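Asks: Take a look at this one; I'll ask things after.
The values are calculated or read from the model by the stated rules, or taken from the named source; none is laboratory data. Source: prediction; values computed, not measured. Glycine also receives a Cβ, built like all others from the backbone with ideal geometry; neighbour counts cover every protein chain displayed.
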Amino acid sequence: MSEDKEKKIFRGRIKVPYKHTAGAYVERFITEIGKNHKIMGVKCPKCGKIFVPPKMVCFECFEKMEEWVELGNQGTIKGFTVVSHSTPVLPLKPPFTYAIITLDGASTDFVHIINESDPKKLKAGMRVEAVFKEKPRKRILDIEYFKLI
Ligand SMILES: [Zn+2]
């Protein structure tokens, strides 16, 4: 009998629970949303682009960004997808819609839930406004959703 045939193999999964820090920028971003109902971005000192969610370094010029700017709570839908199949990781029961939103004053896009799930009633260019959760939990879902305006 060869050595390989003597080995027993047990298949299974090992759970490895972990936590990781969100980092200083995401921490401030989430805190401003929950406590003050403000959506904040950071501005690049070189190219002037405003990033939301905030990043430490500009993707274009690699400059460190430290100037925080308040964006409005409104924006424009750039694209969307209606989620119709359920999986355990979704924040809501389908159907619901994820939209790519360009907040007023931002240079980057932001993905979040909007309050319309009928694709016939949605199109790029529509305006939306953030609706904040009454009891924040320090999560991105402290913006409960964006409503059509
Ligand atoms: Zn830049």
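Asks: Of all residues in the range 15-49, count the ones that are of a type outside the set (A, V, I, L, M) and closer than 24 Å to Cys61 by Cβ.
Replies: Taking the range 15-49 as the starting set, the residues that turn out to be of a type outside the set (A, V, I, L, M) are 15, 17-21, 23, 25, 27-29, 31-32, 34-38, 41, 43-49.
Checking which are closer than 24 Å to Cys61 by Cβ leaves us with 23, 25, 28-29, 41, 43-49.
Total meeting the criteria: 12.
Asks: Taking the range 84-139 on its own, how many of its residues are among the small types (Gly, Ala, Ser), surrounded by fewer than 17 Cβ atoms within 10 Å (Cβ to Cβ) and in contact (Cβ under 8 Å) with a residue 24 or more places away in the chain?
Replies: 3
Asks: For the range 36-59, which residues satisfy the criterion of being away from the ligand (no atom under 16 Å from the Cβ) and free of Cβ contacts under 8 Å to residues at least 24 places away in the same chain?
Replies: Listed by number, the list holds a single entry, Asn36.
Asks: Here is a check on your reading of the model: is Lys78 at pLDDT below 95 and surrounded by fewer than 19 Cβ atoms within 10 Å (Cβ to Cβ)?
Replies: Numbers: at pLDDT below 95: no; surrounded by fewer than 19 Cβ atoms within 10 Å (Cβ to Cβ): yes.
The answer is no for Lys78.
Asks: Out of Gly75, Gly105, Gly125, I need the residue that is away from the ligand (no atom under 16 Å from the Cβ) and at positive phi. Which one?
Replies: Exactly one residue qualifies, and that residue is Gly125.
Asks: Follow-up question, since we're still on this one. Would you point out which residue out of Val16, Val52 is within 23 Å of Asp142 (Cα to Cα) and of a type in the set (A, V, I, L, M)?
Replies: Exactly one residue qualifies, and that residue is Val52.
Asks: Could you go through the range 25-35 and let me know if any residue there is assigned to a loop (DSSP other than H, G, I, E, B) and either more than 15 Å from the ligand (Cβ to nearest atom) or at pLDDT 95 or above (or both).
Replies: Within the range 25-35, not a single residue is assigned to a loop (DSSP other than H, G, I, E, B) and either more than 15 Å from the ligand (Cβ to nearest atom) or at pLDDT 95 or above (or both).
Asks: Let me ask something else about it. Can Ala24 be described as surrounded by fewer than 13 Cβ atoms within 10 Å (Cβ to Cβ), within 20 Å of Ile140 (Cβ to Cβ) and aliphatic (A, V, I, L, M)?
Replies: Spelling it out, Ala24 is indeed surrounded by fewer than 13 Cβ atoms within 10 Å (Cβ to Cβ), within 20 Å of Ile140 (Cβ to Cβ) and aliphatic (A, V, I, L, M).
Asks: Of all residues in the range 89-107 being hydroxyl-bearing (Ser, Thr, Tyr) and not in a loop (DSSP other than H, G, I, E, B), which is nearest to Pro119 (Cα to Cα)?
Replies: By that ranking, first place goes to Thr97.
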